[in-house]
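Have a look at the structure below, then the notes.
Nothing in this text is a laboratory measurement; each read-out follows from the coordinates by a stated rule. Small disclaimer: the values here were computed from a predicted structure and weren't measured. Here the Cβ is made from the backbone with ideal geometry for all residues, glycine too, and neighbour counts use every protein chain on show.
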Amino acid sequence: VPAVPVIFKQALENTDMEEGKSVSLRCELTKADATVVWKKGEATLQASAKYEMKQKGTVAELVIHNAEPEDA
């Protein structure tokens with residue numbers, strides 16, 4: 001039986017941010033605990049003091065701390 005592909009139930013939306021504050025980006029997938037990779041352009045983001053990745057069930061979230069214009 002072929003695996004069912006994971007797709008977005010709710011894709012990312014543009015989010016306004018305030019410089020120096022934290023901003024949260026969320027998406028919802030069709031499969032719980034699917035592997036999620038966050039990227040900025042071609043670069044894969046890694047968990048750090050700046051980037052916090054969370055996942056609970058089908059919801060994946062990226063929190064960008066101390067947001068800057070370059071994070072757009």
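Condition check for residue 36 on (1) touching a residue at least 40 places away in the same chain (Cβ under 8 Å); (2) within 20 Å of residue 5 (Cβ to Cβ): one failure, at (1).
Taking every residue in segment 1-26 that is without any contact (Cβ under 8 Å) to a residue 60 or more places away in the chain and pairing it with any residue that is of a type in the set (Phe, Trp, Tyr), at least 6 positions away or on another chain, the pairs with Cβ-Cβ distances below 9 Å are 25/38.
Among the residues of segment 41-71, those identified as surrounded by 13 or more Cβ atoms within 10 Å (Cβ to Cβ) and either hydroxyl-bearing (Ser, Thr, Tyr) or touching a residue at least 24 places away in the same chain (Cβ under 8 Å) (or both) are 51, 58, 59, 60, 61, 62, 63, 64, 65, 67, 71.
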